[in-house]
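What follows is a single structure, written as structure tokens, with notes after it.
The values are calculated or read from the model by the stated rules, or taken from the named source; none is laboratory data. Owing to the predicted nature of the structure, the values given are computational and were not obtained by experimental measurement. Glycine gets a Cβ as well: all are built from the backbone with ideal geometry, and neighbour counts include every protein chain shown.
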Amino acid sequence: MAVPMAHQPKPTLSIGKRFTDNGLLGVLAILIIGLLGYFLVPNNLALLTQIVAIALLVLSIDLVTGYCGVATLGHAALFGAGAYAAGIAAAHFGVTEPLTMTLIGLVGGALAGLVSGLVILRAHGLAQLVLSIAVIHLFHEAANKASGWTGGSDGLSAIMPDPIFGMFEFDLWGRTAYVYALLLLAVVFVALRLLVRSPFGMLARGVREDPIRIAAMGASAHSVVLRMYVISGAVAGIGGALSAISTQVVGLDSLSFTLSAEALVMLVLGGVGSLYGALIGTVVFMLFEDTLSAANPFHWLTIVGALLIAVVLFAPKGLYGTGLAVAGRLKRRPS
Amino acid sequence: MTNLLDVQSLRKNFGGLAVTNNVSMAMAPGDRVALIGPNGAGKTTFINLVTGNLQPDEGRVLLVGEDVTERKSAERVRRGLVRSFQVTRLFYDMTPEEHVALAVLQREGTAGQMFGHYARRMAVMEEVGEILDQLGLTELRTLKVREIAYGQQRLLEIAMAMALKPKVLLLDEPAAGVPQSETNRIERALDSLSPELAVLMIDHDMDLVFRFATRVIVLAAGTIIFDGLPKDVTQDQRVREAYLGSYANAGTAA
Amino acid sequence: MQTVMSIAIDALAYGMVLFVISIGLSVTMGLMRVVNLAHGAFAMIGGYLASYAARDLGLGYAAGVLVAIIGTVIIAVPIERFLYRRIYGAPELTQVLMTIGITFCVIGITNFAFGPTLKTIPLPPSLQGSLDLGFRSIATHRIFAIASGLVVAALLWFLIEKTAFGIKIRAAVDNAAMTAALGVRTEIVYAVSFAVAIGLAALGGVLGAELLPVEPYYALRYMVTFLVVVSVGGAGSIPGALIASLLLGAIDTTGRYLAPEYGEFFFYLAVILIVTLFPRGLAGRLK
């Protein structure tokens, strides 16, 4: 009756597994695809840089929505806070060192994450969603009113970042900005990969599935999600700072409901609950947007809407999840 | 010696109905108590009041001498009061190994750690392996919980409770839904629990109750009507009335 | 004093319009448990249709209202049948995504069809003037909006409390599975309630065009306003929705009069305060 110990614990993982688990494969993919982009569209590096900035926002939504199960339509608040924090530091306080600006964006985003987390986690379900929308509108109105600091609806300009390490100047073609963006993304990706596989990441997945069970284990679901919100804010804040550094302006659209909703759409398109899904969704969505929205913004809105409906109906796991499922099926079928 | 758990005059009303009516009981280290009673007697409500999932209208709950009535359920768990659920509550996308590992890490206070992986920690993996083995879950350790049978999910509930190394363990119908062939696993696991521990079990399987318990508490209509040795419970007049209604008297008269 | 009076009348009218639009959302969310972000989109379709009929075709206000209600319901029924029915009982995120998708499509398509400009709905002469109360005068349109809100509230109360269909609705709100087990065809109850809800949204969109201008991003602009009525009032509660509408109408109107330079800042601040203080709503069914 007693089952023999068939599987002894194997604490040492094989090198290959460690390689994929720690996201080194992902980093390699980011760098290779990034460099391909560099050589394929050298004239539009600004777009590629913006994709990376938005990808950081989408990754940050994935942390709270995909890993903790909190549906939010106000996450651009965290991105915009990072962008304005870095922008204001540069334009009003003369902090123009890019790494410092990024760090300020990180802190600004984390603070915004703490504030909106405290507000949004007060409620559940519909009330929570309403709070998340109200938060982004509140941030937007506040930034609009504080035009002395933010430039209001004209946007905040006069952001002139120094060369990185005093050596690499931000050039007209956006090469430096793009390389900086890729490196930032690679670092954040590794950090997040470690995070989601850590005990804390496991705890977060537990909260998504059953908060009461988490409480019955002696952990506080609220505290887990709040901590994740702060981390998520830091990631989004880095994205915002990157956007401010590379475009040298911060506009009110970085604090908009539309950006929040679009970023959520990108996440769902790629696949909720997976870092790869977040990246794939952002790239696909933004490349499409760039080609299609130029014609007529309302056509673009119709397409996004139809895309969302199609994803919900036909590919609820997103591109990455569906791709994995299809690949799994093909593998199982002996050819 | 201080009692591990001390429940004093608990009262809870739902609307006008007193679901828990002035209930007091205490448990010392080593106690193996069975809480029984007819359906609707208020057993699960009582457990929920003790764990803090419900707030009582009156009364106090003391854990190792400390008043925890105002504490949240998670804080009570950290002080050693652990429960299992009547209907399993598990993380269906995670594996049994991850469940038990999370419980072990939570007990150690390292579940909030934001780097590293539990599988690299030898001591954690050994403990996880032992607990899973004890409940016969070793072969299932890397399957998703949604893929394993309900009876095995019940065993995993107990495995998680054990991994938290409680001082007081409350088991809400641990054997419900577990096939007969597997209940002996539960019994063996219960036997292996530390003698320092106090265990309170609700169950309808009287064979299990009598083999396990050194003391029986009978709850009826929100009140404790019997608290004593298992051998005396079937002879008690009030218990017979609670279970059999007026037939009880007819039976003794005959 | 004048200002207080103007604020009060405008707030009341605004609250009533909010009520007419949101009550349908409240009932359907109570019934089908769908987080429906697209409700405002149907009010927007109503506004566009009414504007087209009344202004571009010159059919007049009454005909515009009729065209709006009937047209919007005709558009909405297949959407309910083919899209909403797929997400009943689905996780919240799925419902949010589907209904946002519908909202985006509605905005894109209406603006493609009718052009991306502000739509006005010309009022008939009888609603244009103002009513002299002796000590001051009130715009007739405001009175019309308030009266319409009261009529809608009374009719809905009658429908839900006094008719056989109302009993089915209340039963389904309380426990859909049990109601279905009793032989009530809940999908028909759902479809009819949805149609009524959409009709009311369209009516509200037209009635409220003076207060909530019908513009290209209408469905997004007022999304949170309609949702917060349900969230504060409690899904499925008529009195809750009425109180919440009046409260929010008062807050928004007061903010616009007294601190217009802050835009909607105080409105959203109030929303956050109200929802965090009453996360389960003022009068909702606590389930």
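The single residue among B:83, B:89, B:79 that is closer than 30 Å to residue B:234 by Cβ, basic (Lys, Arg) and within 11 Å of another protein chain (Cβ to nearest Cβ) turns out to be B:83. Here residue C:189 fulfils each of the conditions (1) away from every other protein chain (no Cβ under 13 Å); (2) under 21 Å from residue C:80 (Cα atoms); (3) under 18 Å from the mean Cα position of the chain (by Cα) apart from (3). Picking from residues in the stretch A:241-256 that are closer than 27 Å to residue C:222 by Cα and surrounded by 24 or more Cβ atoms within 10 Å (Cβ to Cβ), the one that is farthest from the other protein chains (Cβ to nearest Cβ) is A:250. Against the criterion of being over 30 Å from residue B:87 (Cα atoms), touching a Ser or Thr at 6+ places or on another chain (Cβ under 8 Å) and hydroxyl-bearing (Ser, Thr, Tyr), residue A:229 qualifies. Number of residues in the stretch B:86-101 that are in a helix (DSSP H, G or I), under 19 Å from residue A:212 (Cβ atoms) and touching a residue at least 24 places away in the same chain (Cβ under 8 Å) equals 2. The sole residue among A:301, A:279, A:264, A:275 that is closer than 28 Å to residue A:139 by Cβ and in contact with a Lys or Arg (Cβ under 8 Å, 6 or more places away or on another chain) is A:275. Selection of the stretch A:264-275 for residues being more than 10 Å from chain C (Cβ to nearest Cβ) and under 14 Å from residue A:133 (Cβ atoms) yields an empty set.
Listed by first and then second residue, the pairs linking a residue in the stretch B:10-23 that is closer than 15 Å to residue B:55 by Cβ to a residue that is outside any strand (DSSP E or B) and charged (D, E, K, R), with Cβ atoms under 7 Å apart and 6 or more places separating them unless they lie on different chains, are B:11/B:57; B:12/B:57; B:13/B:57. A residue that is part of a helix (DSSP H, G or I), surrounded by 23 or more Cβ atoms within 10 Å (Cβ to Cβ), within 14 Å of chain C (Cβ to nearest Cβ) and at negative phi occurs nowhere in the stretch A:321-329.
Between C:160, C:169, C:198, the distinction of being touching a residue at least 60 places away in the same chain (Cβ under 8 Å), in contact with a Leu (Cβ under 7 Å, 6 or more places away or on another chain), assigned to a helix (DSSP H, G or I) and not small (Gly, Ala, Ser) belongs to C:169 only. Applying a threshold of 9 Å to beta carbon distances and a minimum spacing of six or more residues, or different chains, the list of pairs starting in the stretch B:62-84 at a residue that is within 10 Å of residue B:6 (Cβ to Cβ) and ending at one that is of a type in the set (Ser, Thr, Tyr) and surrounded by fewer than 21 Cβ atoms within 10 Å (Cβ to Cβ) reads B:62/B:2; B:62/B:69; B:64/B:2; B:65/B:2. Report yes if residue A:269 is buried (at least 18 other Cβ atoms within 10 Å of the Cβ), touching a residue at least 12 places away in the same chain (Cβ under 8 Å) and within 14 Å of residue A:57 (Cα to Cα), otherwise no. No, not satisfied. The set of residues in the stretch A:169-181 that are out of contact with any strand residue (DSSP E or B) (no Cβ under 8 Å at 6 or more places or on another chain) and buried (at least 21 other Cβ atoms within 10 Å of the Cβ) comprises A:174, A:177, A:178, A:181.
Anything in the stretch A:116-157 that is in a helix (DSSP H, G or I), crowded, with 20+ Cβ neighbours inside 10 Å and of a type outside the set (A, V, I, L, M)? List them, or say none. Answer for the stretch A:116-157, where residues must be in a helix (DSSP H, G or I), crowded, with 20+ Cβ neighbours inside 10 Å and of a type outside the set (A, V, I, L, M): A:116, A:117, A:128, A:132, A:137, A:139, A:140, A:141, A:150.
Of the residues making up the stretch C:84-108, just one is of a type in the set (A, V, I, L, M, F, W, C) and either in contact with a Cys (Cβ under 7 Å, 6 or more places away or on another chain) or surrounded by fewer than 18 Cβ atoms within 10 Å (Cβ to Cβ) (or both), namely C:90.
Annotation: residue A:99 fulfils all but one of (1) without any contact (Cβ under 8 Å) to a residue 40 or more places away in the chain; (2) over 23 Å from residue A:71 (Cβ atoms); the unmet one is (1). Against the numbered list (1) at pLDDT 90 or above; (2) closer than 19 Å to residue B:199 by Cβ; (3) not small (Gly, Ala, Ser); (4) not in a loop (DSSP other than H, G, I, E, B), residue B:29 comes up short only at (4). Checking the stretch A:208-223 against the condition returns a match, with at least one residue being within 14 Å of chain B (Cβ to nearest Cβ), out of contact with any Pro (no Cβ under 6 Å at 6 or more places or on another chain), among the acidic types (Asp, Glu) and on the phi < 0 side of the Ramachandran plot.
When the stretch C:107-143 is filtered for residues that are within 14 Å of chain A (Cβ to nearest Cβ) and either touching a Gly at 6+ places or on another chain (Cβ under 6 Å) or assigned to a loop (DSSP other than H, G, I, E, B) (or both), the ones remaining, listed by number, are C:115, C:116, C:117. The strands (runs of 3 or more DSSP E) found wholly in the stretch B:176-229 and carrying at least 1 residues that are within 16 Å of the chain's Cα centre (by Cα) occupy B:198-202, B:215-220. Just one residue in the set C:82, C:19, C:42 is more than 23 Å from residue C:244 (Cα to Cα) and at pLDDT 90 or above; that residue is C:82. Here the condition is being more than 28 Å from residue A:220 (Cβ to Cβ) and not in a loop (DSSP other than H, G, I, E, B); of B:22, B:48, it holds for B:22 alone. Screening the stretch A:297-320 for residues that are touching a helix residue (DSSP H, G or I) at 6+ places or on another chain (Cβ under 8 Å) and more than 18 Å from residue C:97 (Cα to Cα) and picking the one that is nearest to the other protein chains (Cβ to nearest Cβ) gives A:298. Only one entry in B:143, B:135, B:102 is out of contact with any Cys (no Cβ under 6 Å at 6 or more places or on another chain) and closer than 22 Å to residue B:53 by Cβ, namely B:102. Scanning the stretch B:132-151 for residues that are within 12 Å of another protein chain (Cβ to nearest Cβ), surrounded by fewer than 24 Cβ atoms within 10 Å (Cβ to Cβ) and part of a helix (DSSP H, G or I) turns up B:133, B:134, B:138, B:139, B:140, B:145, B:146. Residue count for the stretch B:98-120, restricted to those that are over 22 Å from the mean Cα position of the chain (by Cα) and closer than 19 Å to residue A:204 by Cβ: 11. Remark: residue B:119 matches the filter, which requires a residue to be modelled with pLDDT under 95, outside any loop (DSSP other than H, G, I, E, B), within 7 Å of chain A (Cβ to nearest Cβ) and more than 17 Å from residue B:154 (Cα to Cα).
Among the criteria (1) touching a residue at least 40 places away in the same chain (Cβ under 8 Å); (2) β-branched (Val, Ile, Thr); (3) surrounded by fewer than 17 Cβ atoms within 10 Å (Cβ to Cβ), the one residue B:234 does not fulfil is (1).
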